[in-house]
Amino acid sequence: MARRQSILGAALDCFLEKGVGATTVDDLRHRCGASVGSFYHHFTNKVEVAAVLYLETLESYQRAFLGELRTHEAARNGIEAAVRHHLRWVGESPRLASYLTHCREPEVAEASEARAQELNGAFFAEVLGWLSRHAERGEIRRLALDLYYALWMGPADEFTRLWLSSTQNPERLAEAETILPPAAWEALRTPRAAVARASRRSEA
C-alpha cells in the first residue's frame with residue numbers, strides 16, 4: 001500500500017509538471033524509487049495511474065463535501081457551508097485541486113469514465129435529495145439539478161479555477177469566503193415575495 005501511494009504521489013508531481021501525455025513510466029518510477037516489478041505490481045500503465053489518481057481525488061472530495069452537507073439541517077447553513085468547504089478544500093489541497101480541474105486528458109477521461117459516472121451519480125443524487133427537501137419546505141427555489149449547480153457552486157468553482165491558474169493568493173481566497181457563500185444563498189433562496197404569499201395563504 002505504501003508503494004502504491006508513493007507512485008500516486010510521484011504521479012501527481014509529474015503530471016502537474018509535464019502533463020500525463022509527456023510523462024513516462026520511467027519518470028514515475030524514478031521520482032518515487034519504484035522498481036519495474038513494483039510499478040507493474042500495482043498498475044498496468046501510466047494512464048491507469050492517472051485514472052486512479054483522478055478517481056481517488058474525486059471520491060475523497062465528494063465524500064468530504066457530503067459529510068459537510070449532512071451536518072446542516074437549515075437550508076442557508078448547508079448552502080453556505082458547502083461553498084466554504086469547496087473554497088477551503090482547494091486552499092488546503094491546491095495540487096490535488098489543480099489535477100482534478102486541469103489534468104484530465106482524453107485517455108484519462110476514457111479510462112475513468114465508467115467509475116466517474118458511478119461516483120457522480122451517487123453524489124448528485126444525494127445532493128439533489130438534500131436540496132429537494134428544502135425546496136419542498138419552501139426554503140429554496142425549485143430548480144433542475146444543473147441550474148442548482150450553476151447558481152450554487154458555479155461561481156465558487158469558476159473562482160477556484162482562476163485562482164489555481166494564478167498566484168494562488170490566500171487573501172483572495174479568504175475574500176471569496178466572505179462573498180460567495182451568502183451570494184449562493186441569495187441565488188437559491190425562495191424570493192421574499194413568494195414567502196409572503198405563502199404566509200398569507202396559510203393565514204387565510
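Quick rundown of the values:
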quantity	calculated
Cβ pairs under 6 Å, 6+ apart, first in the range 175-188 and over 12 Å from Ala156 (Cβ atoms), second among the acidic types (Asp, Glu)	Trp185/Glu80
Of all residues in the range 43-74 being closer than 14 Å to Arg4 by Cα and among the charged types (D, E, K, R), the one that is nearest to the chain's Cα centre (by Cα)	Glu56
Entirely in the range 97-204, the helices (runs of 4 or more DSSP H) that have 3 or more residues that are modelled with pLDDT of 95 or more and buried (at least 17 other Cβ atoms within 10 Å of the Cβ)	106-136, 145-152, 154-165, 170-188
From the options Val47, Val20, residue that is over 30 Å from Ile179 (Cα atoms), in contact with an Asp or Glu (Cβ under 8 Å, 6 or more places away or on another chain) and either acidic (Asp, Glu) or crowded, with 20+ Cβ neighbours inside 10 Å (or both)	Val20
Matching entry among Ala82, Ala51, Ala64 (being free of Cβ contacts under 8 Å to residues at least 60 places away in the same chain, among the small types (Gly, Ala, Ser) and either outside the structural domain of Glu139 (by TED's automatic domain parsing) or under 21 Å from Ser98 (Cα atoms) (or both))	Ala64
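The values are calculated or read from the model by the stated rules, or taken from the named source; none is laboratory data. What you are looking at is a predicted structure, and each value in this text was computed from that prediction instead of being measured. FYI the Cβ positions are ideal-geometry reconstructions off the backbone, even for glycines, and counts take in every protein chain you see.
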